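Trainee: Supplied in structure tokens, the structure appears directly below.
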Amino acid sequence: MAWIEALDTAVYYEMSGSPVGRPVLFLHELGGSQASWSSLTELLDDCHCVAIDFPGAGRSEKRRGNRSLGELTNVTRALMMQLVPDRRGESAG
């Protein structure tokens, strides 16, 4: 279990797999948490898996008010710059 500060927000995350493998970021669905991905991340032991709880979800910090998509994007980017610096991956939607 781990938390990290990203843009003044405590964000919960879990990492698994190989620290030198291809980074794969898991973003959960609305109302979900990083636990939504646990069965999949267990299978990807050759990848560097990072699963986060968005701010306001799961174990991450809760604040009053709604979060914009832009804010979630900025927090996610800041988090990845800290957890997986100097590494690039692919994007899929």
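Trainee: Which entry in (1) 15.5, 52; (2) 12.7, 43; (3) 12.7, 39 matches Rg and Dmax of the Cα atoms in Å derived from the coordinates of this structure?
Mentor: (3)
Trainee: Using a basic spin-label model with each label point 7 Å from the Cα along Cα→Cβ, how many nm lie between LEU43 and LEU69?
Mentor: 2.8
Trainee: Here is a follow-up. Taking the solvent-accessible surface of protein heavy atoms with a 1.4 Å probe, what is the per residue accessible area of the stretch 4-64 in Å²? Present the calculation step by step, with values, prior to reporting the outcome.
Mentor: Values: 3490 Å² over 61 residues.
Solvent-accessible surface per residue comes out at 57 Å².
Trainee: Are there GluC sites (Glu not before Pro) in the chain that DSSP puts in a loop and that have at most 10 other Cβ atoms within 10 Å, and which ones?
Mentor: GLU29, GLU90
Trainee: Another question, then. Between GLU29 and TRP3, what length in nm is gained on full extension when 0.36 nm per residue of separation is reduced by their alpha carbon distance? Walk me through the numbers on the way to the answer.
Mentor: Numbers: separation 26, 0.36 × 26 = 9.36 nm, distance 1.96 nm.
In short, 7.4 nm is gained.
Trainee: May I ask which residue of GLN82, GLY56, VAL24 lies farthest towards the positive end of the charge dipole of the chain, with charges of +1 (Lys, Arg) and -1 (Asp, Glu) on Cβ and the Cα centre as origin?
Mentor: Toward the positive end, the furthest listed residue is GLY56.
Trainee: Next question, about the same structure. For the chain, give the magnitude of the charge dipole about the Cα centre (Cβ charges: +1 Lys/Arg, -1 Asp/Glu; no others), in debye to the nearest 20.
Mentor: So the magnitude is around 300 debye.
Trainee: Excluding ALA6 itself, what net charge comes from residues whose Cβ is under 12 Å from its Cβ, given Lys and Arg +1 and Asp and Glu -1?
Mentor: Net charge around ALA6: -4.
Trainee: Using only Cα atoms and rounding to the nearest 10 degrees, what angle (0 to 90) does helix 69-83 make with the longest principal axis of the chain?
Mentor: For 69-83 against the chain, the angle is about 40 degrees.
The values are calculated or read from the model by the stated rules, or taken from the named source; none is laboratory data. Here the structure is a predicted model, which means the values were calculated and not measured. Neighbour counts run over all protein chains shown; Cβ positions are idealised from the backbone, glycine included. We work out accessible area using only protein heavy atoms, side chains counted, and drop any ligands, DNA or RNA first. Shrake-Rupley method; radii C 1.70, N 1.55, O 1.52, S 1.80 Å.
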